[in-house]
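Every number in this text was worked out from the coordinates using simple rules, so none of it is lab data. Since the model is a prediction, treat every value here as computed from it, not as a measurement. Counting neighbours? That spans all protein chains shown, and the Cβs are built from the backbone with ideal geometry, glycine included.
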Amino acid sequence: MEKRLRIAINTGGGDAPGLNAVIEAVVMAAYNRSWEVYGIKSSYTGLLNTDEIIRLTPETVSHISITGGTILGTTNRGNPFQMPVTNMAGEVEIRDVSDKVVENFNRLRFDCLIAVGGDGSLGIAHSLYKKGIPVVGVPKTIDNDICETVVTFGFDTAVSIATEAIDRLHSTAKSHERVMVVEVMGRHSGWIALNSGLSGAAHIILIPEIPFDIDKICGHIMECEVRGRRYAIVVVAEGATPIGGRAVEKGKGEVGRQHAVLGGIGEYLAKEIAKQTGKETRSLVLGHLQRGGTPTTFDRLIALRFGAAAVRIVGEQKFGTMVALAHPDIKAVPLENIIGRIKTVPVHSDKISTAREIGICVGD
Ligand code: F6P
């Protein structure tokens, strides 16, 4: 008789629309094999403080695939290899508490962990795999920057939200003859900026992969003005930089956080554009609006397929892997193939050529 497996599942890093769809698919696919699924709260911290681990059943996950967020909660600060801990002197120090995670995992008699996360959380999953935990990863991020998979869920929703925002800005920008600068997410890669900027007919798209020249941007705005289009929409990824410059940071963020908090490049650009062109310029940051709410049907479908595939891969005992879309199929790729790598927008790609050919300035 096949062993009745006990699967643990967690969600880590920033949330992305589709996380609940993954959870629903994992629970249903496991249930249909008579396996049990346990939800770990708040990324890996739920394997340190195990009080809140919950049994997930078809009833608990019924139709959650249409909802945003994650029923398991998540955090960007739950790295057990670098956990902020308050010592006896009341000072915060960073400690490696990963042995405790492994100990609790074994004590709870889990057979494997399905870790749903971005590059940071999947890196932790890989390190835990090397310490003996059988892991299957599921890639998640609205930024779409994970290698080896055509796409991650959450990305399509974020692009749809950003595109709708850009669509709406056209009429107000045109009425006031203003320049509107929209800052979208994308730390290291410009997928959201490029896809939404193209779809929303932005006039200038700035991405981290192509450092921008502010003089070229202002020149483009003024050229269009002379030709009769007296407004402009600029879409900028939060990680975009001027040539020779650095990404604008809002701060380091909370203790134990894996990345600095980016933000402010839109406002910087708006000031420079206003100064150089004399045009009234406004900026706005779409921020977490891009991560919230219902996943699109595309994201729901990818997330459901990823969840079911993760359970299939557990059945095949292919641990230390991540599910990935290799159109038209889902396959398992070694986690080590994606660690420390970022899927950036290829500068010489069809999408960049399309932007240039239809008259969009990409800042160079
Ligand atoms: O998940 C990626 C991301 O959306 C980045 O684009 C962004 O920089 C980051 O998350 C923001 O994270 P937080 O919500 O923790 O500030």
Which angle between 0 and 90 degrees, to the nearest 10, do you get for helix 265-277 versus the longest principal axis of the chain when only C-alpha atoms count? 10
Based solely on C-alpha atoms, express the radius of gyration and the Dmax of the chain in angstrom. 22.1, 77
Integer Hz, Karplus 6.51/-1.76/1.60 couplings in order for segment 106-123, x for Gly and Pro: 6, 4, 7, 6, 6, 8, 6, 10, 9, 9, 9, x, x, 4, x, 5, 6, x
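Could you work out the relative contact order of the chain? I mean the mean sequence separation of Cα pairs under 8 Å and 6+ apart, divided by the number of residues, in percent.
22
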How long are the semi-axes of the equivalent ellipsoid of segment 88-143, defined as square roots of 5 times the Cα gyration tensor eigenvalues? Whole Å, largest first. 23, 18, 9
Please state the shape class of segment 248-364: rounded when a/c is under 1.5, otherwise prolate if a/b exceeds b/c and oblate if not, all from the C-alpha gyration tensor. prolate
Simple label model, 7 Å out from Cα along Cβ direction - K318 to D51, nm: 4.0
Burial order of peptide ranges 187-200, 272-285 (average beta-carbon count within 10 Å, highest first): 187-200, 272-285
Excluding R6 itself, what net charge comes from residues whose Cβ is under 15 Å from its Cβ, given Lys and Arg +1 and Asp and Glu -1? +3
Listed by chain and number, the lysines with an alpha carbon less than 29 angstrom from that of K3, same-chain partners under 8 positions apart left out, are K41, K100, K130, K131, K318, K331
Mind checking which lysines have their Cα closer than 22 Å to the Cα of K275? Skip sequence neighbours fewer than 8 apart in that chain. K174, K216
Local charge sum around A25 (other residues, Cβ-Cβ under 11 Å, Lys/Arg +1, Asp/Glu -1)? +2
Proxy exposure order for E249, E254 (fewest C-beta within 10 Å first) is E254, E249
At 1.567 mPa s and 4 °C, plugging the Kirkwood radius over alpha-carbon pairs of segment 21-151 into Stokes-Einstein gives what diffusion coefficient in µm²/s? 82
Restricting attention to the alpha-carbon atoms of segment 220-284, what are Rg (one decimal) and Dmax (integer), both in Å? 15.0, 51
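With n ≥ 4 as the cut-off for DSSP H runs, can you work out [θ] at 222 nm for the chain, using -39500 (n - 2.57) per run divided by the number of residues, rounded to the nearest 500?
The helix contribution divided over the chain gives -10500 deg cm²/dmol.
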Applied in sequence order to segment 127-142, the curve 6.51 cos²θ - 1.76 cosθ + 1.60 (Karplus, θ = phi - 60°) yields integer Hz couplings, x standing for Gly and Pro, of 5, 5, 4, 5, 8, x, 7, x, 10, 10, x, 10, x, 9, 4, 5
Show me, for segment 211-216, the HN-Hα J-couplings you get by feeding each phi into the Karplus relation (A = 6.51, B = -1.76, C = 1.60, θ = phi - 60°), rounded to Hz, glycine and proline as x. x, 9, 10, 4, 5, 5
